[in-house]
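Report on the following structure.
The values are calculated or read from the model by the stated rules, or taken from the named source; none is laboratory data. Predicted model only: the values in this text are computed from it and were never measured. Neighbour counts run over all protein chains shown; Cβ positions are idealised from the backbone, glycine included. What goes into the accessible areas is simple: the full protein's heavy atoms, side chains included, and nothing from ligands, DNA or RNA. Shrake-Rupley method; radii C 1.70, N 1.55, O 1.52, S 1.80 Å.
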Amino acid sequence: MASSSNQPNQSGKMSRPDDGIAPYQPTEGEEYMNRDQKEHFRDILLAWRQQLMEEVDRTVGHMKEDAANFADPADRATQEEEFSLELRTRDRERKLIRKIEEALTDLDNGDYGYCEACGVEIGIRRLEARPTATLCIDCKTLQEIKEKQMA
């Protein structure tokens with residue numbers, strides 16, 4: 001398996017870790033969000049959160065170790081820009097960790113996997129692609145159309 005990247009992908013979204021968790025294969029007639037499905041998504045969310053938290057720890061260590069007071073203003077500016085980019089990435093990850101925590105709470109409350117706007121099933125495949133999804137594809141599409149109209 002290819003190793004995962006915790007850097008934003010081309011769309012700027014944080015990629016999910018390649019955590020070795022195979023996609024869930026529902027059986028015909030299986031109840032939506034049954035115990036097995038909930039366990040599957042809990043495993044994904046916990047692994048993703050763990051990876052992000054480890055990356056935060058690595059960043060803090062890296063910034064402490066690599067912080068230098070360069071005499072050359074260009075070198076100092078380059079380092080400050082690198083740190084700034086790293087901190088922005090970590091801020092996006094911090095927000096993502098918060099979404100993962102919310103998804104885990106929804107799992108505990110029995111709300112996970114259901115659209116918070118209309119209440120329909122979000123769907124296993126959509127949740128595999130975006131485990132923190134809170135809207136079904138129709139409501140998400142409508143939300144994006146409204147956002148484009150407001151801009």
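Side notes on the structure shown:
- Given (1) more than 26 Å from Gly110 (Cα to Cα); (2) small (Gly, Ala, Ser); (3) at pLDDT 90 or above, number of the condition Ala67 does not satisfy: (3)
- Subset of the range 115-128 (residues that are surrounded by fewer than 18 Cβ atoms within 10 Å (Cβ to Cβ) and within 20 Å of Glu31 (Cα to Cα)): Glu116, Cys118, Gly119, Val120, Glu121, Gly123, Arg125, Arg126, Glu128
- The one condition in (1) more than 30 Å from Leu107 (Cβ to Cβ); (2) surrounded by 12 or more Cβ atoms within 10 Å (Cβ to Cβ); (3) at pLDDT 85 or above that Ile44 fails to fulfil: (1)
- Residue check for Ser11: surrounded by 10 or more Cβ atoms within 10 Å (Cβ to Cβ), modelled with pLDDT under 90 and outside any helix (DSSP H, G or I): no
- All positions within the range 49-58 that are surrounded by 15 or more Cβ atoms within 10 Å (Cβ to Cβ) and among the charged types (D, E, K, R): Arg49, Glu55
- Close pairs (6 angstrom Cβ cut-off, 6 or more residues apart or separate chains): open to solvent by less than 100 Å² (accessible area, probe 1.4 Å) in the range 85-98, not in a helix (DSSP H, G or I) anywhere: Leu96/Met14
- Verdict on Ala68 being in contact with a helix residue (DSSP H, G or I) (Cβ under 8 Å, 6 or more places away or on another chain) and farther than 30 Å from Arg35 by Cβ: yes
- Hey, Ala74 open to solvent by 50 Å² or more (accessible area, probe 1.4 Å) and either closer than 24 Å to Glu30 by Cβ or touching a Pro at 6+ places or on another chain (Cβ under 6 Å) (or both) or not: no
- Of all residues in the range 59-71, those being closer than 22 Å to Arg98 by Cα and surrounded by 13 or more Cβ atoms within 10 Å (Cβ to Cβ) number 1.
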